[in-house]
Every structure is written in C-alpha cells, then in structure tokens.
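Novice: Next up is a structure, given as structure tokens.
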Amino acid sequence: MTGNRRDPTDGLAIYRVGGTVRDEVMGRSSKDADFVVVDASPEQMQARGFRPVGRDFPVFLHPESGEEYALARTERKSGHGYHGFVFHTGPDVTLEDDLARRDLTINAMACSPRGEIIDPFGGREDIERRILRHVSPAFREDPVRILRLARFAARFPDFRVARKTLALCREMVAEGEVDHLVAERVWQEMSQALMEKHPARFFEVLRETGALAVILPEVDRLFGVPQVEQYHPEIDTGIHTLMVLEQSARLNASLAARFACLVHDLGKGLTPRERWPRHIGHEKAGIVPISEVCERLRVPSHCRDLALLVGEFHLHAHRALELRPGKVVKLLERLDVFRRPERLEPFLLACEADWRGRKGLEARPYPERDFLERASATATSIDARAFVDRGLKGPAIAAALHEARVQAVAELSR
Ligand code: CTP
C-alpha cells in the first residue's frame, strides 16, 4: 500500500528556491522547481532514497518526482573560471547562507512549505523596481553570472542592471575572469538568450560590461562600423545586427535562424576603413569569422551551416525577384533545399529579419520570401525519374534536372 509509505521529505526542513520563486512573485509560469534542504547530511538523504547527482556535489534527486534537492551550502572558488568550487555543507549552514551565495536578488528568494516568501536580500523590492542586482560580492566567484545577468536582461526587458552590478561585472572582465569561460557554458547561455523575447539586450548588456569584446570580438567590432545610409538609416553595423536579432524574435525564428542573424554581417567588421561605408564582398569575407566563432564556441553544426549560408547568400535572397531563373535555382541548390527542404524556412526568416532590421523600415514587405518559397516548391516537384526513364545517365540526369527546374522557375516569373 503506497498510502503507508513514508514520504522521503517527511521531517526535513525544505524550501523551494531559485527561478520558480522568482517567477511566482512575478506572476509568471515556470518550469521545474529546485529545493534546498537545511540541516541534513548526504547520508540522511541517501537513506531516504534520494539519488546523488554527482560524487562530490551536494545535490540529490527525489526518488519519485526526480526534482532537485540540494543541501544548503556555501561555495568558495578555488581556481579561475567555472571550474574549481569548494562546497561547504553542514548543520551550521543556514538557508540565508545558501541564498547569499546566489547570483541576483530576484533569484535569491525561498518559499517555505507554508508558502511564505523568505527574502533576505530584497528580491521582491527589486522586482517591483525592475532592477537586476547582485546579491553579494560572491557574484564574482562565477563568471557565468555575467552571462546570466545579460540573459535575464533579455528575458525581462523592462529591468535595468544596477549600477554597482555593472561596475562589478566590468571589474571581473578587467581581471580576466571571462577569459576562462568554457565554450559550452557560453553557448548554453547564449543560445538560451537568443531564444528570449528581446535577444538584443543580452548583447547590449555584455557590451556594457566589456564581456562581448572577450567572448565575441567579431560581433563587438561591428559597433562603430558605418554602412550606407540609403540602405541602412541606422548606419551603425552593430546596431543593425541587434535590430535584425529583434526582428528574428518577432518572427519567432528558430535558434539556428537567430544565430545566423547575429553573425550574418561579420564580414563588415573586416572592411578596411578607407572603403567605409561600403562593404562590397562582405558576404564572402564573413565566411572566415563566422567559421571561427562557430569553432571557438562549439556551435552545433546545424546552426553553423545555416549561419554560413545566410552570411554568404542574404543579398541573393534580397535580390531574388531580379535574379534570372538560373541564378534562383543555383541559390536553391547552394542551400541544398532539394535534399534538405527544412532549411529554406529558417534561411528566409533570417533574410527577412535582415531586411526589416533597419531603422524606420521595420514594417516593409518582403515578397522575396514568398517568391523563393514558390520557386523552391515548383523546382522540388520535378521528378528525376522521368529523365531516368528517358535513358539519361549520371551527370546528364543532373543537367536535365537543373534545366527543368530553371524552366519551372521561369514559368513562375511570367
Ligand atoms: N544560480 C546562481 N548562479 C549560477 C547558476 C544558478 O546563483 N551561476 C542560482 C540562482 O539562485 C538560480 C538557481 O541557482 O535561481 C537555479 O538556477 P537555474 O535553474 O540554472 O536558473 P533559474 O534561475 O531557475 O533560471 P531559468 O528560469 O533560466 O532556468
């Protein structure tokens, strides 16, 4: 009888902490809850059936719900970057000690089993006043927190970063803390930030702290690079990039498409000054820096592949209605849409975001997207079997297929 079984949490001092408490106070829905257990030992937890997450890490999974229960702990850094933390747990560590080691005041509240909010660092007030503020000097112990801060700024765009928090982040960057961040953590935070409602703010805050120049110098150097005003009333390439990102979020674009937006103009950062504000050939010039960013941050291959295509061919898409049918089919072939039809949509969304990510031009239509979708559909509908049945072989089939696709696209434009 399950009714008689002892609840593994019975008699433990347990508090809900972290993101779900913040979300509850803000009236937002949230995901999995995290819990802190005060005054319990690892042995007690295991005797109750909790499964340890790692060998030395004081975190356990509930035997039934799988939710995370961490022993209240303090942390001390023992090295640079994300590695090297020494944890201290024990009966002397209070709930408040555990909350004090957390990143932001809005994330340092707890909720008792009776539903009371425990808020020793003013998280509720900061939510009311819309401020992202670090809890204590312990913020410095983990440079990932700079990225988290920027990510929360992207999620909560009406929040501002407290002056002292910004100053602390700048100090951390100046001391080289960000140099030691591992690629996986950067990508993890950045990919989440890209999917937030206002991804541009992530990069704005990183830029204000100086961390963007360290993590993504290829993007940082776009700020201050002018473009031709006729096409880019916003002029600055960095500002344009952030406007494109915002458009990609408005279009509900996928992660791959949003990342492609971020890096689509990296080539412009390499244009010699004497050629400013023009950037002829920036699409091809972007291939090297885009590849370098992807390699350094270990960007997943589907994001890298799309980013390279958007970087190289966004101007082709913008000119789609003027291109000869042969060029349109070549573009579709380069995108490999005949074998990977799922690539077309994110490519076109990124191009549309680029088209609209310009000051005063945010609402202009992008008929090129519809045209390229129709061109792709009609070209894809041509069946190679007809050529095989006619007795064609190998390259002759490919040539006939290409020609038939060109004809089909030409019909569209008539
Ligand atoms: N935390 C921290 N420093 C970090 C990571 C996490 O202080 N580098 C603390 C924060 O109190 C945070 C909690 O651990 O609220 C849980 O972390 P996590 O689940 O990663 O994030 P959430 O704050 O829940 O945010 P999200 O909604 O993005 O998951």
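Novice: Hey, residue 146 hits all of (1) within 16 Å of the ligand (Cβ to nearest atom); (2) farther than 29 Å from residue 250 by Cα but one; which does it fall short on?
Specialist: Looking at each condition in turn, residue 146 falls short on (2).
Novice: Would you mind finding the one in 339, 358 that is of a type outside the set (S, T, N, Q), more than 24 Å from residue 244 (Cα to Cα) and modelled with pLDDT under 95?
Specialist: 339
Novice: Can you name every residue in the range 35-60 that is over 20 Å from residue 115 (Cα atoms) and within 16 Å of the ligand (Cβ to nearest atom)?
Specialist: Matches in the range 35-60: 53, 54, 57, 58, 59, 60.
Novice: Which one of 214, 244, 178, 219 is in contact with a Ser or Thr (Cβ under 9 Å, 6 or more places away or on another chain), in a helix (DSSP H, G or I), closer than 26 Å to residue 256 by Cα and more than 16 Å from the ligand (Cβ to nearest atom)?
Specialist: 219
Novice: With respect to residue 322, is the statement that it is charged (D, E, K, R) and within 18 Å of residue 377 (Cα to Cα) true?
Specialist: The answer is no for residue 322.
Novice: Kindly provide the set of residues from the range 263-293 that are aliphatic (A, V, I, L, M) and either touching a helix residue (DSSP H, G or I) at 6+ places or on another chain (Cβ under 6 Å) or in a helix (DSSP H, G or I) (or both), ordered by number.
Specialist: 263, 266, 270, 285, 287, 288, 290, 293, listed by residue number.
Novice: Still on this structure: Report, by residue number, each residue of the range 18-51 that is part of a strand (DSSP E or B), out of contact with any Leu (no Cβ under 7 Å at 6 or more places or on another chain) and not acidic (Asp, Glu).
Specialist: The answer is 35, and nothing else.
Novice: Does residue 227 satisfy the condition of being modelled with pLDDT under 95 and buried (at least 19 other Cβ atoms within 10 Å of the Cβ)?
Specialist: The answer is yes for residue 227.
Novice: Looking for something part of a helix (DSSP H, G or I) and within 23 Å of residue 404 (Cα to Cα) - is there at least one such residue anywhere in the range 347-367?
Specialist: Within the range 347-367, none of the residues are part of a helix (DSSP H, G or I) and within 23 Å of residue 404 (Cα to Cα).
Novice: Further, regarding this structure: Could you list, in sequence order, all residues of the range 71-117 that are under 19 Å from residue 149 (Cβ atoms), modelled with pLDDT of 85 or more and either away from the ligand (no atom under 16 Å from the Cβ) or of a type outside the set (Ser, Thr, Tyr) (or both)?
Specialist: 99, 100, 101, 102, 103, 104, 106, 107, 108, 109
Novice: Scan the range 368-394 for residues that are in a loop (DSSP other than H, G, I, E, B) and among the β-branched types (Val, Ile, Thr) and report the count.
Specialist: Residues meeting the conditions: 1.
Novice: Now for a different question. Give me a count of the residues in the range 15-34 that are touching a Lys or Arg at 6+ places or on another chain (Cβ under 7 Å) and away from the ligand (no atom under 11 Å from the Cβ).
Specialist: 1
Novice: Residue under question is residue 158, and the condition is that it be without any contact (Cβ under 8 Å) to a residue 60 or more places away in the chain, part of a loop (DSSP other than H, G, I, E, B) and surrounded by fewer than 17 Cβ atoms within 10 Å (Cβ to Cβ); does it hold?
Specialist: It is true that residue 158 is without any contact (Cβ under 8 Å) to a residue 60 or more places away in the chain, part of a loop (DSSP other than H, G, I, E, B) and surrounded by fewer than 17 Cβ atoms within 10 Å (Cβ to Cβ).
Novice: Going by what's in this entry, would residue 322 be described as under 30 Å from residue 266 (Cβ atoms) and touching a residue at least 40 places away in the same chain (Cβ under 8 Å)?
Specialist: No.
Novice: Ok, one more. Filter the range 124-150 for residues that are more than 27 Å from residue 181 (Cα to Cα), touching a residue at least 40 places away in the same chain (Cβ under 8 Å) and either touching a strand residue (DSSP E or B) at 6+ places or on another chain (Cβ under 8 Å) or of a type outside the set (A, V, I, L, M) (or both) and give the result.
Specialist: The one that is more than 27 Å from residue 181 (Cα to Cα), touching a residue at least 40 places away in the same chain (Cβ under 8 Å) and either touching a strand residue (DSSP E or B) at 6+ places or on another chain (Cβ under 8 Å) or of a type outside the set (A, V, I, L, M) (or both): 124.
Novice: Any idea how many residues of the range 91-130 are under 24 Å from residue 194 (Cβ atoms) and touching a helix residue (DSSP H, G or I) at 6+ places or on another chain (Cβ under 8 Å)?
Specialist: So the answer is 4.
Novice: What number of residues within the range 247-257 satisfy the criterion of being surrounded by fewer than 24 Cβ atoms within 10 Å (Cβ to Cβ), in contact (Cβ under 8 Å) with a residue 12 or more places away in the chain and assigned to a loop (DSSP other than H, G, I, E, B)?
Specialist: The total comes to 2.
The values are calculated or read from the model by the stated rules, or taken from the named source; none is laboratory data. Note that the coordinates shown come from a computational prediction; the quantities given were computed from them, not determined experimentally. Positions of Cβ are backbone-derived with ideal geometry, glycine not excepted, and every protein chain shown enters the neighbour counts.
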